[in-house]
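A.B. asks: This is the structure I have questions about; it appears just below.
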């Protein structure tokens, strides 16, 4: 059953600029994301896409501009604060613990959300035991949602690449984010793996009601999966609209899409 999608804006990026040693990575970028949509960020390598995700979840602090998430304005935020406010994130290169099991990797996604203190955990006090049970139940539900039960106790390093990317998705999902940032979730996948990951991203969006912002280079995937596309080129926005609108934009075609029809 799908979760009803509340209307309205969940994310507003306003005039964000970011540079590294004087080199502009993002220049005066503005766009908004509606609650419940899948928004794709596309553009050539070096266009500033991953840098933007790093701004959104607090890894980078922009030189100028602000981000409004769930009506809260911020220019500086830490990854811990972003996670606790409801921003989940995956990375371009798997940041998994290869020797740990699938379920333990997924559980690690709750490390920033633990309420029980260190001593309560170390002494096994009732609040810590209760929280551990709750986290384990969340992990089991996440495993089931992503069809990973058969790999529950398998070390992640022993899994095929596509399954590892699914585990990383589970680690980002377990805390129930309202906004999920996916940095090239299908990079390096074959066609079958891309179809599987697209299915799960769609179910995350429609079934869980999670707003998704993703970076993706496969234009076919972008056009079929997303309802909103933002195109970057050398850190500036050159397109913003529906897939059909972006596909017909001459500036986008010149910058990125080339002869794709």
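The values are calculated or read from the model by the stated rules, or taken from the named source; none is laboratory data. None of the values given here were measured: they were computed from a predicted structure. Backbone-built Cβ (ideal geometry, glycine too); neighbour counts: all protein chains shown.
A.B. asks: Restricting to region 1-35, and then to whatever is in contact with a helix residue (DSSP H, G or I) (Cβ under 7 Å, 6 or more places away or on another chain) and not in a strand (DSSP E or B), can you tell me which residue is modelled with the lowest pLDDT?
C.D. replies: 2
A.B. asks: If you don't mind, another one. When you scan region 14-43, how many residues do you find that are farther than 18 Å from residue 210 by Cβ and surrounded by 14 or more Cβ atoms within 10 Å (Cβ to Cβ)?
C.D. replies: So the first thing to find is which residues in region 14-43 are farther than 18 Å from residue 210 by Cβ, and the list is 14-31, 42-43.
So of that shortlist, the ones also surrounded by 14 or more Cβ atoms within 10 Å (Cβ to Cβ) come out as 14, 16-19, 24-29, 31, 42-43.
Of the residues in region 14-43, 14 are farther than 18 Å from residue 210 by Cβ and surrounded by 14 or more Cβ atoms within 10 Å (Cβ to Cβ).
A.B. asks: Do any strands (runs of 3 or more DSSP E) entirely within region 48-92 hold 2 or more residues that are surrounded by fewer than 21 Cβ atoms within 10 Å (Cβ to Cβ), and if so, which?
C.D. replies: 64-69, 72-74
A.B. asks: Please pick out the residue among 235, 170 that is farther than 16 Å from residue 39 by Cβ and in contact with a strand residue (DSSP E or B) (Cβ under 7 Å, 6 or more places away or on another chain).
C.D. replies: 235
A.B. asks: Within region 144-160, track down each residue that is under 17 Å from residue 98 (Cα atoms) and touching a residue at least 40 places away in the same chain (Cβ under 8 Å).
C.D. replies: Correct list: 148, 151, 152, 153, 154, 155, 156, 157, 159.
A.B. asks: While we're here: Quick test for you: out of 77, 103, 38, 72, pick the one residue that is closer than 30 Å to residue 137 by Cβ and in the same structural domain as residue 132 (by TED's automatic domain parsing).
C.D. replies: Answer to the check: 103.
A.B. asks: I'd like the full set of residues that are within 17 Å of the chain's Cα centre (by Cα) and either surrounded by fewer than 16 Cβ atoms within 10 Å (Cβ to Cβ) or outside any helix (DSSP H, G or I) (or both), limited to region 144-168.
C.D. replies: Once the filter is applied, which keeps residues that are within 17 Å of the chain's Cα centre (by Cα) and either surrounded by fewer than 16 Cβ atoms within 10 Å (Cβ to Cβ) or outside any helix (DSSP H, G or I) (or both), region 144-168 yields only 146.
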